[in-house]
Amino acid sequence: MENGAVYNTTTEPQAPRRRPLGCTLRHLWGWRLAVKVVQTIFSFVAVICEEIVDNCITCGGLYFFEFISCSAFFLSLLILCVYCTDLHASLGRDKVQKL
């Protein structure tokens with residue numbers, strides 16, 4: 001009697017190994033991933049450049065630029081986190097599209 005035939009139907013399959021922090025590129029890959037990473041880098045550089053400015057005469061535009069660059073940086077990080085982790089599957093496709 002073969003043990004394989006007896007144990008195949010009753011043994012649970014092994015779960016696949018999880019990657020650290022649930023990282024996956026299943027939902028965001030190719031040129032879309034590259035564009036999103038470049039967008040995140042550029043928005044971070046914009047935040048750094050804004051912080052370098054010491055003096056300004058009319059600072060309204062600078063504060064607006066600070067708000068926009070920080071918002072772009074955090075939103076692009078959020079999108080990278082959602083699409084490149086298991087959070088995409090946890091939230092569901094319809095909620096991710098609303099996000």
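Coordinate-derived values only; no laboratory data. Keep in mind the model is a prediction, meaning the values are calculated, not measured. Because the Cβ atoms are built from the backbone with ideal geometry, glycine has one as well, and the counts that use them run over all protein chains shown.
The order of the peptides 50-58, 62-70, 31-39 by mean Cβ neighbours within 10 Å, most packed first, is 62-70, 31-39, 50-58.
Expressed as a rounded percentage, what relative contact order does the range 39-85 have, with Cα pairs under 8 Å and six or more residues apart?
Working: 20 pairs, mean separation 26.4, N = 47.
Here the relative contact order equals 56 percent.
On alpha carbon coordinates alone, what is the Rg over Rh value for the range 30-97, Rh being the Kirkwood radius?
1.13
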